[in-house]
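The values are calculated or read from the model by the stated rules, or taken from the named source; none is laboratory data. Remember, predicted model here, so these are calculated numbers, not experimental data. No Cβ is skipped: glycine too gets one built from the backbone with ideal geometry, and neighbour counts run over all protein chains shown. Just the protein is used for accessible areas: all its heavy atoms, side chains included, with ligands, DNA and RNA removed. Shrake-Rupley method; radii C 1.70, N 1.55, O 1.52, S 1.80 Å.
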Amino acid sequence: MTLDEELDLFQSRNQLLIPGDLRSYLKLTDEEIDAYNKDMFAFFKFPEFKSVKEVVGDYGGIPDYRNIVNTLPLHENCFVFAEYSIYVMVFAIRLYAHDSNKNEVYAICGCAYEVVANSFDEFIARYREDIGNVFI
């Protein structure tokens, strides 16, 4: 199965659309994605791109993420694409069932979250400009 077919299957299974900017990122080579990593950030490749609940919903460490599924509205539509400093913070994008002019990117730490960008491209621009722009 090609990566495009896997992305289409993901959309079909989840009944959510992957926006073009995120789709372009997910289609990068492993080396290209690894080039985004800096200052204790780790960006995920498509096989690691999973829901907030799957990635941290059962994580009871420090910070304790177990309550995020109760605090983040429609958490099942938010998918983690990066983490900072071994899950001190994770970064997730909200996907929609329809085309949207924004796909909010959240910085999540424990059960707290904040919108840090309105698209994947905006997040990357803020991250590249100053890594501090994407923290809560």
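Summary of computed values
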item	result
Whole-Å semi-axes of the ellipsoid equivalent to the chain (Cα gyration tensor, √5λ, descending)	21, 18, 15
Scattering profile of region 60-104 at q = 0.25, 0.31, 0.33 Å⁻¹ [log10 I(q)/I(0), Debye over alpha-carbon scatterers]	-0.99, -1.21, -1.25
Candidate residues GLU122, GLU32: accessible-area rank, largest first, probe 1.4 Å	GLU32, GLU122
Computed [θ] at 222 nm, deg cm²/dmol, the chain (DSSP H ≥ 4; -39,500 (n - 2.57); rounded to nearest 500)	-8000 deg cm²/dmol
Phi-based couplings in Hz for region 16-22 (Karplus 6.51, -1.76, 1.60; Gly and Pro marked x)	9, 9, 8, x, x, 5, 6
Simple label model, 7 Å out from Cα along Cβ direction - GLN11 to ASN133, nm	2.8
The chain - accessible surface per residue (Å², probe 1.4 Å)	52
Computed lengthening from THR29 to ALA112, 0.36 nm per intervening residue step minus Cα-Cα distance	26.7 nm
Shape parameters for region 75-136, alpha-carbon atoms, Rg then Dmax in Å	11.2, 33
Carbon plus sulfur fraction of accessible area for the chain, probe 1.4 Å, in percent	49
